[in-house]
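The structure follows.
The values are calculated or read from the model by the stated rules, or taken from the named source; none is laboratory data. The model shown is predicted, which means the values in this text are computed figures rather than measured ones. Methodologically, a virtual Cβ is constructed for each residue, glycine included, from the backbone with ideal geometry; neighbour enumeration extends over all protein chains shown.
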Amino acid sequence: MSLPFAEIGRVLGPARVLEDEPTRLAASRDSWPQALGWGPEELSRRRPAAVLKPRDEKGVAAVLAWASAEKRGIMPRGAGSGVLGAAVPPGPESVVLDASSLDEKFELDLRPDRPSVACGAGMLGSNLESRLQAKGWSLMHFPQSMEDSTAGGWIATDSFGQLSTRYGGIADQALWVKAALPDGSFRAEEAAPHIGAEGTLGVLTEVCLAIRPAARSRSFHAFRFRKLREALDFCRTSMDQPVPPSVLRLYCPVDSFFNGLRRGRGTGGSSSLLETAQSAALRRLGLLYALSPLIGRHWICVAIYEDEPGFAGGAPAPAPRGSGLGDGPAMRWWEKRYHLDREKLERAFLRGCFADTVDFWAPWEGLAGLHAGVLAALRPHAFAFAHLSHFDRSGACLYVTLAGTGADSHLRAWQAAMDACVRAGGRVNHHHGVGLAKLPWLKWAKTEEWLSRWQAEKKRRDPGNMFNAGKLCR
Ligand SMILES: Cc1cc2nc3c(=O)[nH]c(=O)nc-3n(C[C@H](O)[C@H](O)[C@H](O)COP(=O)(O)OP(=O)(O)OC[C@H]3O[C@@H](n4cnc5c(N)ncnc54)[C@H](O)[C@@H]3O)c2cc1C
């Protein structure tokens, strides 16, 4: 162990002070697609001095006291599934505090008016959910990254799960957190200041979330529509029912195809020949756009209801021009809801291609305009398609997937999409946070009120800027 880390190594134990090159390189980025394209130079510029992995609160306190004395920046890290660079370390002198070992606590509080679970902030979502389900309970918070994200990461990024139309996002579920401050002291407090704070206000060590009885039954429905506006009317009617669907997602024709919602398998193939063909196709954007109507012209809406015995297939009638597709597409979506072939994605970057996703938000009346504006802006730079999800009574998330070739096109596509969102009057994020990727658009990501509250908290809790410096401020 090198000299600077000898002292903290004695407290944590040598196995919990990781200075080897592969570990530091792995900690130099999260799952931000732009960082997947980084070469060795960029990676080593971002590489932290070490990764410290405390096992418990005593270890966290020791790391923070040591870092205060050494004037080291600390970047808390969960599972590294964030897609915007929020967990990219601020610089080579900083240290990553890997919270993934803070995963032992699991305490149920089953008081009838407010059942909850208190758990270690480093616990993976899938572990937490399976422990709850074994006792008949559920988080009802299912991000696609369920198996690769932690409870602390959810709070820090203001996460939303796939069932948010009925149960809301993590902000609606979080009851309290335990957070460590720069001097190594702890506070059990309301979760609000930490929601979306991206690890800038302290290290979360425990999280308390509201839970519900696990769903006993689900009914699956799908509908198709020729026009986005007709489909949106249908979604709005669905959201106005006394019990909204738990899942409500509206896919454009191309996204329906890639998600296997149409008859047949969608893409899914992974042979190297097919991947090479896909890369070649991405170099011919004009041709791809010209051919894409052949895939189909319908928007497909999937709706899943839970525990509604009286419902019996009676989702709101699709608007006059829509038609029902039975339960097949929604069941296929449910089966594949966590699927992402990460290795395939990384291979695409190695072949000089990129694939990325961007989340936006707009009120109901702005959704069609936001979709049209963002997709048109992306056309010169990437092949793009979209779906709408996370509906609530005020609006919804527009989720755009973009793919193309070349790091420059990737950056231009990102810039064009963000600027188009601003022009359309949308918000440039919904559930992925801000990170480094959206920092230039911070004032269109967070409200003024949120930012001034965050600034006051930052000044009060972390005046020396120890935690995740350079995030959420410009
Ligand atoms: C394939 C895929 C699908 C995804 N689907 C969804 C989805 O459906 N919904 C959704 O909301 N997100 C989704 N995400 C994004 C990501 O999973 C979430 O942002 C998640 O909440 C990040 O959790 P994490 O533990 O991986 O945090 P990390 O990526 O490690 O960190 C994210 C931020 O949280 C901070 N942080 C982490 N742990 C702590 C802690 N203990 N204390 C203080 N700060 C901390 C970090 O400093 C950083 O700023 C997806 C990502 C991928 C790759």
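Looking for something in contact with an Asp or Glu (Cβ under 8 Å, 6 or more places away or on another chain) and small (Gly, Ala, Ser) - is there at least one such residue anywhere in region 409-421? Explain how you work it out, then say what you get.
As a first pass, look at region 409-421 and keep what is in contact with an Asp or Glu (Cβ under 8 Å, 6 or more places away or on another chain): 410, 413-414.
Now drop any that are not small (Gly, Ala, Ser), which leaves 413.
Scanning region 409-421, I find at least one residue that is in contact with an Asp or Glu (Cβ under 8 Å, 6 or more places away or on another chain) and small (Gly, Ala, Ser), so the answer is yes.
Additional query: Provide a single number: the residues in region 342-366 that are acidic (Asp, Glu) and free of Cβ contacts under 8 Å to residues at least 60 places away in the same chain. Can you show your working first?
First pass over region 342-366, keeping only residues acidic (Asp, Glu): 343, 346, 356, 359, 365.
Next cut, free of Cβ contacts under 8 Å to residues at least 60 places away in the same chain only: 343, 365.
Within region 342-366, residues that are acidic (Asp, Glu) and free of Cβ contacts under 8 Å to residues at least 60 places away in the same chain number 2.
Does region 413-420 contain any residue that is away from the ligand (no atom under 15 Å from the Cβ) and without any contact (Cβ under 8 Å) to a residue 24 or more places away in the chain? Steps first, answer last, please.
Filtering region 413-420 down to residues away from the ligand (no atom under 15 Å from the Cβ) leaves 413-420.
Still in the running and without any contact (Cβ under 8 Å) to a residue 24 or more places away in the chain: 415.
Within region 413-420, one or more residues are away from the ligand (no atom under 15 Å from the Cβ) and without any contact (Cβ under 8 Å) to a residue 24 or more places away in the chain.
For the list (1) touching a residue at least 40 places away in the same chain (Cβ under 8 Å); (2) small (Gly, Ala, Ser); (3) buried (at least 24 other Cβ atoms within 10 Å of the Cβ), I need the number of the one condition that SER238 fails.
With respect to (1) touching a residue at least 40 places away in the same chain (Cβ under 8 Å); (2) small (Gly, Ala, Ser); (3) buried (at least 24 other Cβ atoms within 10 Å of the Cβ), SER238 is out only on (3).
Among the residues of region 70-85, count how many are in contact with a helix residue (DSSP H, G or I) (Cβ under 9 Å, 6 or more places away or on another chain) and away from the ligand (no atom under 14 Å from the Cβ).
Keep residues of region 70-85 that are in contact with a helix residue (DSSP H, G or I) (Cβ under 9 Å, 6 or more places away or on another chain), which gives 70, 72-74, 76-85.
The next check asks that each one be away from the ligand (no atom under 14 Å from the Cβ); those that pass are 70, 72.
Selection size over region 70-85: 2.
Among the residues of region 143-155, is there at least one that is among the aromatic types (Phe, Trp, Tyr), near the ligand (Cβ under 10 Å from one of its atoms), touching a residue at least 12 places away in the same chain (Cβ under 8 Å) and not in a loop (DSSP other than H, G, I, E, B)?
Taking every residue of region 143-155 in turn, at least one turns out to be among the aromatic types (Phe, Trp, Tyr), near the ligand (Cβ under 10 Å from one of its atoms), touching a residue at least 12 places away in the same chain (Cβ under 8 Å) and not in a loop (DSSP other than H, G, I, E, B).
Please go through (1) at positive phi; (2) out of contact with any strand residue (DSSP E or B) (no Cβ under 6 Å at 6 or more places or on another chain) for GLY59 and return the number of the only condition it doesn't satisfy.
(1) is the only condition that GLY59 fails.
A further question follows. Right, ARG24: touching a residue at least 24 places away in the same chain (Cβ under 8 Å), outside the structural domain of GLY152 (by TED's automatic domain parsing), farther than 22 Å from LYS178 by Cα and within 15 Å of the ligand (Cβ to nearest atom) or not? Spell out the reasoning first.
Details: touching a residue at least 24 places away in the same chain (Cβ under 8 Å): yes; outside the structural domain of GLY152 (by TED's automatic domain parsing): yes; farther than 22 Å from LYS178 by Cα: yes; within 15 Å of the ligand (Cβ to nearest atom): no.
For ARG24, the condition - touching a residue at least 24 places away in the same chain (Cβ under 8 Å), outside the structural domain of GLY152 (by TED's automatic domain parsing), farther than 22 Å from LYS178 by Cα and within 15 Å of the ligand (Cβ to nearest atom) - is not met.
Does VAL422 satisfy the criteria of being β-branched (Val, Ile, Thr) and either surrounded by fewer than 20 Cβ atoms within 10 Å (Cβ to Cβ) or over 25 Å from SER164 (Cα atoms) (or both)?
On the way: β-branched (Val, Ile, Thr): yes; either surrounded by fewer than 20 Cβ atoms within 10 Å (Cβ to Cβ) or over 25 Å from SER164 (Cα atoms) (or both): yes.
For VAL422, the condition - β-branched (Val, Ile, Thr) and either surrounded by fewer than 20 Cβ atoms within 10 Å (Cβ to Cβ) or over 25 Å from SER164 (Cα atoms) (or both) - is met.
If only one of TRP66, TRP32, TRP38 is crowded, with 17+ Cβ neighbours inside 10 Å, more than 12 Å from the ligand (Cβ to nearest atom), within 28 Å of GLN144 (Cβ to Cβ) and among the aromatic types (Phe, Trp, Tyr), which one is it?
The conditions single out TRP38.
For every residue, the table says whether it meets (1) among the acidic types (Asp, Glu); (2) more than 14 Å from the ligand (Cβ to nearest atom); (3) part of a strand (DSSP E or B).
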site	(1), (2), (3)
ALA87	no, no, no
GLY91	no, yes, no
VAL96	no, no, yes
ARG114	no, yes, no
CYS119	no, no, yes
ASN127	no, no, no
LEU132	no, yes, no
MET140	no, no, no
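Quick one: count up the residues across region 181-214 that are of a type in the set (A, V, I, L, M), farther than 24 Å from LEU84 by Cα and in a strand (DSSP E or B). Don't jump to the end; show me each part of the working.
Taking region 181-214 as the starting set, the residues that turn out to be of a type in the set (A, V, I, L, M) are 181, 188, 191-192, 195, 197, 201, 203-204, 207, 209-211, 214.
From what's left, farther than 24 Å from LEU84 by Cα: 181, 188, 209-211, 214.
Right, trim to in a strand (DSSP E or B) and you get 188, 209-210.
Qualifying residue count, region 181-214: 3.
Name the residue that is farthest from PRO293 (Cα to Cα), counting only residues in region 384-434 that are among the polar types (S, T, N, Q) and outside any loop (DSSP other than H, G, I, E, B).
Only one residue tops the list, namely GLN415.
For region 176-229, which positions are under 24 Å from ALA69 (Cα atoms) and away from the ligand (no atom under 16 Å from the Cβ)?
Scanning region 176-229 gives a single hit, ASP183.
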